[in-house]
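No value in this document is a laboratory result; all are computed from the given coordinates. Model, not experiment: these values are computed from the prediction. Every residue, glycine as well, gets a Cβ built from its backbone with ideal geometry; the counts of neighbours run over all protein chains shown.
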Amino acid sequence: MLLRHTESSIDINVILSSLPFEAEAVSRATVHDLGGVSVRLPPVEDLLVMKAIAHRPQDLRDIEGLLDVFPKTNVESVRQFIREFAAAAEIPDLPEEFEKLPAQRKSRSVLKPDGSTSTDVGVPARRRDPKR
């Protein structure tokens, strides 16, 4: 269920677990303080699975961003859940589509502080701003 906080216009996805994965994700969630409000948030691996399953363009961009911010994510556990969901939902392309995202992320080059580029770091290349 998607709710919107009217004052901030922030969307909040509320899970009323019905699938085994959702029940497990809810049980793995941890409480975080966000501006004085206690919120249960899923581990990044569970969020990646949810985003992969939703498969909207914004979700795919979010996956790339999450992988950039959390480079030590256990992607293998994410792959396993995605394979299981794809088989159950008869969406055979889902695992392959997910695999493209980490592969694209790894293949991007990165602008280092010295101006050189590297492909061994998994974040998008950034343009150097001569004013900085």
Per-pair calculated FRET efficiency, R0 = 22 Å: ASP93 and GLU24 via Cβ, rounded to 0.05: 0.35
Of the GluC sites (Glu not before Pro) in the stretch 1-105, those whose Cβ has at most 14 other Cβ within 10 Å and which sit in DSSP loop: GLU7, GLU90
